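None of the figures in this text is laboratory data; all of them are computed from the coordinates on show. Just so it is clear, the structure is predicted and the values come from calculations on it, not from any experiment. Because the Cβ atoms are built from the backbone with ideal geometry, glycine has one as well, and the counts that use them run over all protein chains shown.
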Amino acid sequence: MENKFELCSVILRVVLGIIFFIHGFVKFQGGIENTVGWFSSIGLPGFLAYGVALIEVVGGLALVLGLFTRWVSVLFAVLMLGAILKVKLAAGFLGNGQMAGYELDLAFLVMAVSLALTGSNAFALDQLIFKGQKTKSATSLN
């Protein structure tokens, strides 16, 4: 690990991965049909619940392991942007007494955007799997 920045990105990646994994797991554990119904009640197609939960579980695990960090982070940023705009924005930044606000979703969005822009290579399986490819693409950009 070269510097403190790499350590920070690993911590960010692992924590965000755990959070999303747990959120997705709970959607399946509690009965995905409940989430399908909730999606429908807010005007979204119910089948999107399966996609969101799957992205959260698989993507969360991928982040913890350091696989496809940038791509997964983009997906998480899109999910958070959708959650803020479709669900939380009306409640305000801190909430309205009946529902939480979008402050936490905004923090997750910023974390995901940060990882999407910078990546996180330390302690990442990507480093093992794509070892030779990284070197070639890095030298061709210079």
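See the values below:
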{"item": "The range 13-38, subset buried (at least 19 other Cβ atoms within 10 Å of the Cβ) and farther than 22 Å from Ser73 by Cα, residue nearest to the chain's Cα centre (by Cα)", "result": "Thr35"}
{"item": "The lone exception for Ser9 - which of (1) touching a helix residue (DSSP H, G or I) at 6+ places or on another chain (Cβ under 9 Å); (2) over 19 Å from Leu75 (Cα atoms) it fails", "result": "(2)"}
{"item": "Test result for Val10, within 16 Å of Leu117 (Cα to Cα), surrounded by fewer than 20 Cβ atoms within 10 Å (Cβ to Cβ) and in contact with a Ser or Thr (Cβ under 7 Å, 6 or more places away or on another chain)", "result": "yes"}
{"item": "Qualifying residue in the range 7-24 (condition: out of contact with any Phe, Trp or Tyr (no Cβ under 8 Å at 6 or more places or on another chain), without any contact (Cβ under 8 Å) to a residue 12 or more places away in the chain and not in a helix (DSSP H, G or I))", "result": "no"}
{"item": "Number of the exception - Ser41 against (1) among the polar types (S, T, N, Q); (2) under 29 Å from Leu7 (Cα atoms); (3) surrounded by fewer than 18 Cβ atoms within 10 Å (Cβ to Cβ)", "result": "(2)"}
